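The block underneath contains the structure these notes are about, expressed in structure tokens.
Throughout, read-outs are computed from the coordinates displayed, never taken from laboratory work. Predicted, not measured: the structure shown is a model, and the values here were computed from it. Ideal geometry is used to build each Cβ from the backbone, glycine not excepted, and the neighbour counts take in all protein chains shown.
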Amino acid sequence: MSEMIVKPYNEQGSKKEQVEKMFDNISHKYDFLNHFLSLGMDILWRRKAVSYIRKIQPKIIIDIATGTGDFAIESAKLKPDKIIGIDISDGMLQIGKQKIQNKKLENLISMQKGDSENLPFPENYADAITVGFGVRNFENLNKGLSEIYRILKPGGIVAILEPAIPKQFPMKQLFNLYFKKILPTIGKWFSKDHSAYEYLPKSVEAFPNGNDFLNICKKNHFINTKWIPLTFGICSLYLLRK
Ligand SMILES: C[S@@+](CC[C@H](N)C(=O)[O-])C[C@H]1O[C@@H](n2cnc3c(N)ncnc32)[C@H](O)[C@@H]1O
């Protein structure tokens with residue numbers, strides 16, 4: 001596992017503040033770029049993740065690093081009693097709240113500002129927790145995971161999605177070309193943020209993937225950990241239990 005801490009803008013200052021600023025900056029283009037740059041596959045990956053949560057029929061779902069709320073909205077299909085989305089970026093939350101209102105889901109999904117490393121919930125609170133493309137952005141991964149563990153009910157499930165770099169030829173070479181050259185250029189052009197879409201491939205490269213990530217989860221007491229590579233390994237779905 002790499003110890004390198006990749007930050008969006010510069011090496012000085014806190015990663016958390018820079019991540020918050022970056023997502024505030026790109027919030028208006030985030031959904032468009034997310035679906036465009038992943039060729040719509042992000043939607044299928046969240047759907048797949050939610051299908052694993054369905055098995056436990058959760059009543060309370062927390063979507064951490066909810067951003068514009070797509071994971072929370074996908075989880076609404078499970079008809080739980082309550083879904084709460086948490087994020088540090090006001091800009092992302094604003095877009096998310098508008099989407100939830102447009103879909104008339106405001107009685108089911110609430111969105112609030114909060115830090116994944118200091119979650120505003122009691123112990124053993126949630127039946128299921130989702131984190132879509134968020135854990136890589138945490139300033140302190142272990143703190144974030146230990147908070148997720150603390151608020152999860154025993155028997156509860158966590159579904160985490162993260163982009164990954166495939167290992168096999170030719171997907172690895174094709175993906176590297178796309179992810180490191182084409183994607184940052186398109187991202188820069190549309191978002192007008194010159195660092196955000198360079199941070200994306202760098203942060204994915206520096207993040208532990210597969211069994212390395214599962215080992216960190218096990219050290220944080222999660223059990224029955226599972227890694228499911230999706231779409232030739234360009235996305236990883238992790239399932240964890242308490
Ligand atoms: C790539 S976006 C993912 C949004 C959404 N989950 C999705 O599936 O599209 C990552 C989100 O993580 C949020 N984030 C990063 N660090 C966080 C933290 N410490 N606490 C809460 N949210 C955080 C960012 O503000 C951003 O909205």
Would you be so kind as to identify which of G40, P8, Q18 lies farthest towards the positive end of the dipole of segment 3-58, taking Lys and Arg as +1 and Asp and Glu as -1 on Cβ and the Cα centre as origin? G40
Among K82/K188; K16/K104; K113/K202, which pairs are too far apart, with a Cα-Cα distance over 29 Å? K82/K188; K16/K104
Beta bridges by DSSP in segment 15-241, antiparallel share as percent, to the nearest 5: 40
From the gyration tensor of the Cα coordinates in segment 15-241, what semi-axes in whole Å does the equivalent ellipsoid have, largest first, with each one equal to sqrt(5λ)? 25, 21, 16
The residues I61, I186, sorted from fewest to most surrounding Cβ atoms within 10 Å, come out as I186, I61
Counting other beta carbons within 10 Å of each Cβ, put V204, V131, V19 in order, fewest first. V204, V19, V131
Scalar couplings 3J(HN,Hα) for segment 167-183 by Karplus 6.51 cos²θ - 1.76 cosθ + 1.60 (θ = phi - 60°), nearest whole Hz, x for Gly and Pro, are 9, 8, 5, x, 4, 4, 5, 5, 5, 4, 4, 5, 6, 9, 10, 6, 4
Which FRET efficiency value, to the nearest 0.05, is calculated for E11 and N211 with the Förster distance at 41 angstrom and r the Cβ-Cβ distance? 0.90
Sorted by chain and number, the residues with a modelled amide H under 5 Å from that of G114, at a separation of 5 or more or across chains, are D87, I88
Rounded to whole Hz and in sequence order, give me ³J(HN,Hα) for segment 90-105 from the Karplus expression 6.51 cos²θ - 1.76 cosθ + 1.60, θ = phi - 60°, writing x for Gly and Pro. 4, x, 5, 4, 4, 4, x, 4, 5, 5, 5, 5, 4, 8, 6, 10
